[in-house]
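Quick notes on the structure that follows.
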Amino acid sequence: MDDNYLDDLTEPTSNSRRSFLKQSSVLAAISLTPKTVIKAAQNGFDEKIADVFEKMPLSVKINGIAQQLSVEPRVTLLDLLREQLHLTGTKKGCDHGQCGACTVHVNGRRVNSCLTLAVTTEGKEVTTIEGLADGDKLHPMQEAFIEFDGFQCGYCTPGQIMSAVCCVREGHANTPDQVREFMSGNICRCGAYSNIVEAVMTAKNGGKI
Amino acid sequence: MNAFEYTRAATQQSAVAAIAKDNGAAFLAGGTNLVDLMKRGVTAPSRLIDINNLPLTAVEKTTTGIRIG
């Protein structure tokens, strides 16, 4: 794990001189551009030009740390976590809510962060895979995934683990079939499903989730 | 995704009033349908009214059917 991510959470991450120059040159260009062109650009250039447009303040707790952020309304929670906060444990699999690789907890409930607008998390608590372990001590679900080899390439795994923790807490992990049904939103191209189910059942029966 | 205005509704009444006066507005709840469609450019509301903080999370069975929200 990269310990530097804790620094990133308190410091702005962009190179301030570079971004100032970028923003000034864009602003200079915009001031010379007709209004209709700006409107078109606003909708077409997405992230780059959007950077100089309306950002909103966002107050959110992420893995126990209170954050004061500034985000554009259309930034998803997934992109906020990965791009702004450098918490890259949460993965972007499909970016359309179909694979579950982006699963995180918002106020204790599992959500697809790719379809969650970051601004809707105002005042809430977000937990990512990075926030599950207690320092060096792994969460029982993480230990179960290791013990039962619940992964191959590992790309779906953070989402699987986050989803599994909630699945157990929801009371939806009483039988293997129930686990399969209630975790059907997390897909695994490597096909580690049988081991995942075993890991989840064992963790649930251990009673510490 | 198109740029949009974002507002949070504080009450049910203000949410309904906001959507009534703006043709391009849409309610935003979980977003699992709306945000997906917006990402694909299928729909492009100019304003999103976030109703997540409103107490509309019940699904109740009534004598005549089911009441959602």
Give the percent of DSSP beta bridges with both residues in the protein assembly as shown that are antiparallel, rounded to the nearest 5. 65 percent
So between A:Q152 and A:R180, what do we pick up on full extension, going 0.36 nm a residue minus the alpha carbon distance? 8.3 nm
When DSSP assigns beta bridges and you keep just the ones with both residues in chain B, what percent turn out antiparallel, to the nearest 5? 25 percent
Quick one: divide the alpha-carbon radius of gyration of the stretch A:147-209 by 2.2 N^0.38 Å and tell me what you get. 0.98
Past the 21 Å Cα-Cα mark, which pairs from A:K55/B:K21; A:K92/A:K208; A:K204/B:K61; A:K91/B:K39? A:K55/B:K21; A:K92/A:K208; A:K204/B:K61
Considering amide H positions built from the backbone, and no H for Pro or chain starts, which residues 5 or more places from A:A133, or on another chain, come under 5 Å of its amide H? A:H139
Expressed as a percent, the portion of alpha-carbon pairs in the protein assembly as shown spaced more than 35 Å apart is 25 percent
Which three lengths, in whole Å and largest first, does the stretch B:23-69 cover when its Cα atoms are put on their principal axes? 40, 19, 19
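None of the figures in this text is laboratory data; all of them are computed from the coordinates on show. Owing to the predicted nature of the structure, the values given are computational and were not obtained by experimental measurement.
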